[in-house]
Amino acid sequence: EENAEITLDVSLAYRDDMFDDWEEIAHAIEIRKLKCTFGSPKTLESEGRHYDCDFLPFMEIGSVAHKYYLINIRLPVNERKGINVGIGEIKDIRLVGIHQNGGFTKVWFAMKTFLTPSILIIMVWYWRRITLMTRAPVLLEKVIFALGISMTFINIPVEWFSIGFDWTWMLLFGDIRQGIFYAMLLSFWIIFCGEHMMDQNERNRLSGYWKQVGPIAVGSFCLFIFDMCERGVQLKNPFYSIWTTEVGTELAMAFIIVAGICLCLYFLFLCFMVFQVFRNISGKQSSLPAMSKARRLHYEGLIFRFKFLMLITLACAAMTVIFFIVSQVTEGHWKWGDITIQANSAFFTGIYGMWNLYVFALMFLYAPSHKNYGEDQSNGDLGVNSGEELQLTTTITHVDGPTEVYKLARKEAQE
């Protein structure tokens with residue numbers, strides 16, 4: 001029949017030895033809507049031909065800590081209640097399994113195990129350099145440290161424990177960790193560009209960015225609620241799927257489409273902010289010819305490194321947006337004609353490594369400098385007698401040393 005529904009009485013069990021009894025994990029009665037096409041006209045001559053039906057979401061479990069699993073599927077028929085009536089004769093059922101393969105698991109575990117102590121060491125070094133300053137940490141330094149904390153939260157290799165423990169909440173936990181890092185990364189990029197705008201706005205405080213950071217927080221919370229609607233229910237019932245009903249499918253697609261559009265708009269806004277920063281920095285380069293050759297080369301090097309970091313920021317933002325959209329749309333591989341492209345493994349490891357390198361570079365480049373330039377060395381080569389010093393941000397006014405990357409352009413000269 002048109003829009004026929006099939007009722008499945010399903011259960012899942014496990015055992016760790018061939019001679020043990022099966023222990024049931026979950027049992028549910030699920031209803032799925034069949035979407036089938038019949039290639040021939042529905043006449044008596046076509047009796048016995050098969051329908052071509054779309055695949056249905058069936059089950060998702062967060063860990064496979066046991067050796068053997070058993071799936072039991074029953075199709076109960078009740079003509080009085082209309083259960084499994086009008087679905088035709090079932091000849092066979094095909095199950096497609098999507099899983100994390102062994103090669104990817106080894107690479108993933110190795111990366112997490114190696115990167116966790118690496119980021120921890122650079123974080124301790126970075127914060128120690130900040131605490132040695134007599135001034136208080138500025139907003140950008142705090143946000144970079146918070147970004148390092150969120151990166152460490154993702155890096156911690158708790159997946160090792162999922163080998164021996166049946167932690168079914170690992171998928172939900174992974175989504176929460178990734179969501180926190182996404183929100184922190186997007187907020188950092190806004191603050192990072194804003195702190196280098198050199199406009200007349202009062203910055204160096206989080207409340208000055210509430211218009212930009214607020215929507216990121218609201219969007220992250222909405223995605224968390226959406227994730228809990230599926231992954232949260234699957235903790236009790238692994239056979240549940242939000243895609244099984246028309247309302248759930250429309251809601252899920254609406255969430256993904258809106259999130260994708262918002263990410264693209266965010267990326268365009270970020271490009272605009274980076275363009276403004278580049279324009280402001282270029283305007284400050286007019287001071288360079290008045291310097292001595294050695295100092296001019298020093299500051300030209302700073303400008304080059306800063307612009308390079310901004311371009312890397314844009315590249316990371318673009319790759320992150322592409323990764324989010326691709327990971328939501330595809331279930332692991334694309335097929336173009338006879339060519340199959342395995343996308344998720346390369347994206348996961350590549351983007352994950354890129355995030356770690358980016359956070360590592362930020363903490364290394366933005367750690368406060370303890371070099372002490374003499375008054376004649378720091379200001380004498382500028383060709384002015386008023387003691388002007390140029391910086392790249394608007395937030396550091398204390399004599400106790402901004403970072404090397406900060407120094408060069410300031411919205412107004414300090415005397």
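Observations on the model:
- Residue order for 362, 268, 44 - accessible surface, 1.4 angstrom probe, largest first: 44, 268, 362
- Counting protein heavy atoms only, the stretch 4-81 has 49 percent of its accessible area on carbon and sulfur, 1.4 angstrom probe.
- Members of 33/67; 112/142; 35/67; 112/211 lying beyond 30 Å, as alpha-carbon distances in this model show: 33/67; 35/67; 112/211
- Efficiency of FRET from Cβ geometry, residue 312 and residue 36, R₀ 41 Å, rounded to 0.05: 0.25
- Sites residue 71 and residue 135 - FRET efficiency at Förster radius 60 Å, r taken between beta-carbons, to 0.05: 0.45
- R0 of 45 Å, Cβ-Cβ distance residue 43-residue 243: FRET efficiency to nearest 0.05: 0.85
- Inter-label distance for residue 16 and residue 297, nm, one decimal - labels placed 7 Å from Cα along Cα-to-Cβ: 6.7 nm
- Electrostatic bookkeeping for residue 93 treats Lys and Arg as +1 and Asp and Glu as -1; over the other residues with beta carbon under 13 Å from its beta carbon, the sum is +2.
- With all pairs of separate Cα atoms included, the stretch 4-81 yields a Kirkwood hydrodynamic radius of 15.7 Å.
- Surface per residue (accessible, 1.4 Å probe) for the stretch 4-81, Å²: 75 Å²
- Relative to its residue count, the stretch 113-235 spans a Cα convex hull of 110 Å³ per residue.
- Theoretical gain in end-to-end length, residue 121 to residue 153 [0.36 nm per residue, Cα-Cα removed]: 10.1 nm
The values are calculated or read from the model by the stated rules, or taken from the named source; none is laboratory data. Just so it is clear, the structure is predicted and the values come from calculations on it, not from any experiment. Don't worry about glycine lacking a Cβ; one is built from the backbone with ideal geometry, like all the others, and counts go over all protein chains shown. SASA here: full protein model, heavy atoms, side chains in, ligands and nucleic acids out. Shrake-Rupley method; radii C 1.70, N 1.55, O 1.52, S 1.80 Å.
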